């Protein structure tokens, strides 16, 4: 007969399924804080994982993983069948952590601390979590924006790194070049010229520590306070952060089947200073900007004296037809800055990207790199240059293109099988995620919360909108999940939404 779980004075656990922090981390943090502050005293018995999960309305796995983290940190102890208890003899380090500023600070003190921030600091501190872009481990199905890390050739990459450190001359062990490692810039220029139709030389390529650095540099150099900036709606949320930090006024421009609606942008703010677009594979809807719209956008920029930032974040992955040439390569694209990243092609922790800027802006961007103080290390740049030069990069893309096309089709087929008319998903044409569309009247945020309770990440499309209009749906990443994980994840999603 199972032992009854005693009622204990548990702290007020509040889990937010809409937060970017996974539920298990939220539970771990709140229990650890309760132990540190003495709300849960040494020797207190915790509920069983099954009972606790039922009480919180989460999966049992969520509680088990939180308990494992507490075990690892020495907060709790116990044996299978004997119960789980708060550790009898907490170390001094645990007790001193009681103790964190947030735990000791009164609301008035917290407000006072906020008051000491600059206006820009207050804006950054108040920025809500960006859905789907948390750091840490891969998380739960179907998190977006991750390549197939299980299929990355680590041994091959390790050989490149080892070879690079042996071949780098001592002079390259000094501080990195502001514009980036010259051989890598040459490889990037050659690659995007052939594969994307970009018109540039290596002198226009600036290596950066991720695409966000490129956005921040462009915002600092091209925007003054109160300048207007067109952004796609729905769109990539981090561009809002970069532009708002620069003091810009955001102008949401709707997306239709041809991409950014340039006519609406001109009607709302014809004299905007910047337009940010993802024309090859719009984030998050996945549409491709038509040729007519591309030329309309270029004509507007030329007439308005505006700049265009083209974010080509995952253009390598197109499964139907040929890859769409870059906007930057068209006639009349002299005012386009082209942004690329290796995070989706190789792995995010590499933190390497690049921005191709018009010749007149090169010196300004190179100088601004010094102020960012986030120069990518030369060793990784040298290894990547070698990886590209020896053909490994192109082969890896070909392998991943086949893998992702297969996983995307499996996701679509599983959605149709397990969810039926609940979710409409088209065949994947490009990218690393799909949009699942709900029937009219369904709240995608509520559906996302239900999915999170079953350990599934189904990000609500409405979270990426500025204007609250448009059809509701969810974003489902498939690139980093095996066929079995996709099928099991869809089964969990069907259970989550059938019980709503």
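The values are calculated or read from the model by the stated rules, or taken from the named source; none is laboratory data. What you are looking at is a predicted structure, and each value in this text was computed from that prediction instead of being measured. We place every Cβ from the backbone using ideal geometry, glycine too, and count neighbours over all the protein chains shown.
Per-structure values
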| item | result |
| --- | --- |
| Test: residue 255 is touching a strand residue (DSSP E or B) at 6+ places or on another chain (Cβ under 9 Å), within 16 Å of residue 356 (Cα to Cα) and without any contact (Cβ under 8 Å) to a residue 40 or more places away in the chain | no |
| Output for region 293-313, where each listed residue is closer than 21 Å to residue 217 by Cβ and under 27 Å from the mean Cα position of the chain (by Cα) | 307, 308, 309, 310, 311, 312, 313 |
| Matching residues, region 419-438, being touching a residue at least 40 places away in the same chain (Cβ under 8 Å), under 29 Å from residue 53 (Cα atoms) and not in a helix (DSSP H, G or I) | 423, 436 |
| Flag for residue 221 being crowded, with 22+ Cβ neighbours inside 10 Å, out of contact with any strand residue (DSSP E or B) (no Cβ under 6 Å at 6 or more places or on another chain) and closer than 25 Å to residue 362 by Cβ | no |
| Qualifying residue in region 448-459 (condition: surrounded by fewer than 16 Cβ atoms within 10 Å (Cβ to Cβ), touching a strand residue (DSSP E or B) at 6+ places or on another chain (Cβ under 9 Å) and modelled with pLDDT under 95) | no |
| Selection from region 341-360 of residues that are crowded, with 21+ Cβ neighbours inside 10 Å and either without any contact (Cβ under 8 Å) to a residue 12 or more places away in the chain or not in a loop (DSSP other than H, G, I, E, B) (or both) | 341, 353, 354, 355, 356 |
| Odd one out for residue 238, checked against (1) closer than 22 Å to residue 317 by Cα; (2) surrounded by fewer than 18 Cβ atoms within 10 Å (Cβ to Cβ); (3) over 21 Å from the mean Cα position of the chain (by Cα) | (3) |
| Subset of region 185-197 (residues that are farther than 17 Å from residue 395 by Cα and touching a strand residue (DSSP E or B) at 6+ places or on another chain (Cβ under 6 Å)) | 185, 189 |
| Residue in region 200-217 that is more than 25 Å from the chain's Cα centre (by Cα), within 30 Å of residue 433 (Cβ to Cβ) and not assigned by TED's automatic domain parsing to the domain that holds residue 449 present | yes |
| Any hit, region 164-181, residues being under 16 Å from residue 394 (Cβ atoms) and surrounded by fewer than 19 Cβ atoms within 10 Å (Cβ to Cβ) | no |
| Residue, farthest from residue 344 (Cα to Cα), within region 307-330, restricted to residues that are touching a strand residue (DSSP E or B) at 6+ places or on another chain (Cβ under 8 Å) and either surrounded by fewer than 21 Cβ atoms within 10 Å (Cβ to Cβ) or free of Cβ contacts under 8 Å to residues at least 60 places away in the same chain (or both) | 308 |
| Residue within region 382-390 that is in a loop (DSSP other than H, G, I, E, B) and out of contact with any helix residue (DSSP H, G or I) (no Cβ under 6 Å at 6 or more places or on another chain) present | yes |
| Scan of region 198-213 for residues that are assigned to a helix (DSSP H, G or I), buried (at least 20 other Cβ atoms within 10 Å of the Cβ) and modelled with pLDDT of 95 or more, ordered by number | 204 |
| Lone qualifier among 416, 399, 484 - being outside any strand (DSSP E or B), over 27 Å from residue 21 (Cα atoms) and free of Cβ contacts under 8 Å to residues at least 12 places away in the same chain | 416 |
| Flag if residue 176 is more than 24 Å from the chain's Cα centre (by Cα) and either assigned to a helix (DSSP H, G or I) or farther than 18 Å from residue 363 by Cβ (or both) | no |
| Condition check for residue 441: farther than 22 Å from residue 59 by Cβ and either in a helix (DSSP H, G or I) or at pLDDT below 90 (or both) | no |
| Which listed residue is touching a residue at least 60 places away in the same chain (Cβ under 8 Å) and over 30 Å from residue 359 (Cβ atoms), from 178, 173, 184, 168 | 173 |
| Residues that are free of Cβ contacts under 8 Å to residues at least 40 places away in the same chain and either more than 19 Å from residue 415 (Cα to Cα) or within 16 Å of the chain's Cα centre (by Cα) (or both), drawn from region 439-461 | 441 |
